[in-house]
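Heads up, the thing below is written out as structure tokens.
The values are calculated or read from the model by the stated rules, or taken from the named source; none is laboratory data. Everything numeric in this text was worked out from a predicted model, so none of it was measured. As a convention, Cβ positions derive from the backbone with ideal geometry for all residues, glycine included, and neighbour counts pool all protein chains shown. Surface areas here come from the heavy atoms of the whole protein model, side chains and all, with no ligands, DNA or RNA. Shrake-Rupley method; radii C 1.70, N 1.55, O 1.52, S 1.80 Å.
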Amino acid sequence: MQIPENPSNDDIRQALIELREELGQKVDRLEYKFDAYQKGTDGMVRMATTIIIASASVVVLSSLSPAVTAIVTALSAGNG
């Protein structure tokens, strides 16, 4: 809306109403974009956490394997 050079109270009131509606629409769009970004970020964090836990499990299990094999071999040699 164009505000006249000498606006009346009604002109100013109408301009403020339109501005409020326009700002409300922009805020709604920003909230939607933020929600979409937040959901995407949460998904990436969960995926990264899963990868880190899986990698750590592989590292721990691979380092335990030789120790378990040595213990089993020592126990079987002692009992044999």
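All conditions in (1) open to solvent by 90 Å² or more (accessible area, probe 1.4 Å); (2) within 33 Å of the chain's Cα centre (by Cα) hold for Q2, with the sole exception of (2). Scanning region 13-50 for residues that are acidic (D, E) and either within 30 Å of I3 (Cβ to Cβ) or open to solvent by less than 70 Å² (accessible area, probe 1.4 Å) (or both) gives E18, E21, E22, D28, E31, D42.
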